[in-house]
1. What is the spin-label model distance, in nm, from T140 to T108 if the labels are put 7 Å beyond Cα along the C-beta direction?
2. Could you work out the relative contact order of the range 37-169? I mean the mean sequence separation of Cα pairs under 8 Å and 6+ apart, divided by the number of residues, in percent.
3. L71 to Q25: extension gain in nm, 0.36 nm per residue of separation minus the Cα-Cα distance?
4. Tell me the GluC sites (Glu not before Pro) within the range 95-197 that lie in a loop according to DSSP and have at most 15 other beta-carbon atoms within 10 Å.
5. What whole-number distance in Å separates the alpha-carbon centres of the range 85-153 and the range 1-77?
6. Among I181, I175, what is the fewest-to-most ranking by other Cβ atoms within 10 Å?
7. Taking only DSSP H segments of four or more residues, each worth -39500 (n - 2.57), what value at 222 nm results for the chain once the sum is divided by all its residues, to the nearest 500 deg cm²/dmol?
8. Based on the Cα gyration tensor of the range 58-167, what are the three equivalent ellipsoid semi-axes, each the root of five times an eigenvalue, rounded to whole Å and given largest first?
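Derivation of every value follows stated rules applied to the coordinates shown; laboratory data play no part. This is a predicted model, so every value here is computed, not measured. Using ideal geometry, Cβ is built from the backbone for each residue, glycine included, and neighbour counts are taken over all protein chains shown.
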Amino acid sequence: MVNFIWLFFIVVSFIVAILQGNIEQMTEAVFEGAKTAVTICFGLISVLVFWLGMMRIAEDAGLLHKLAKLLRPIVSWLFPSVPKDHPAMGYILSNMSANMLGLGNAATPMGLKAMQELQKLNQHSQTASAAMCTLLALNTSSITVIPTTIIAIRMSFESLQPAEIVGTTIIATCISTMTAITVDKWYQMKEMKSVRR
């Protein structure tokens, strides 16, 4: 569906540019946008490689394991239907840890693996389970302590203080995560009440 929306915007932009005689400006904007995208990507690569390396060091040093251990009681409360020793729990903890460090690209594979493992526990394979919905809500809202991707983008645009957004990011993501958890738990309680009837 999203692909059709983007296609619609592109086609409409192209038609409007032709009708207004701005096709040259649109062509320049397209190439300028592509150039900017490549510049941003190169800027992101260095920062992401650095943080992925740091995450690997943290993993080898046992810091991620300690963070996962710290998060385990919270994750057990958030995912009551998932057995504590199930592989999904490890992937969920890794996903949350990577998201907290602002490594969305590193968190995505863990989130996908967690979803695959949660699907094995799902009794109704055609619909998402409560645990799958919770993971999606958490992954989308995710508390972020170090927004590495945004810092990298700000650095690529030569921001004087690229890390000044850390405080506001923590506040905003805490609010979004609390909201996501509240709404998720409310829907779960509502679903449980409808099942009892």
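1. In this crude spin-label approximation the distance works out to 1.7 nm.
2. 28
3. Details: separation 46, 0.36 × 46 = 16.56 nm, distance 5.15 nm.
Gain in length upon complete extension: 11.4 nm.
4. Values: sites: E117, E158, E164, E191; in loops: E158, E164.
Listed in order of number, the matching sites are E158, E164.
5. Cα centroid to Cα centroid, the span is 18 Å.
6. Working: I181 17, I175 12.
Lowest to highest Cβ neighbour count: I175, I181.
7. For the chain, the value works out to -27500 deg cm²/dmol.
8. On the way: eigenvalues 170, 49, 24 Å².
For the range 58-167, the ellipsoid semi-axes come out as 29, 16, 11 Å.
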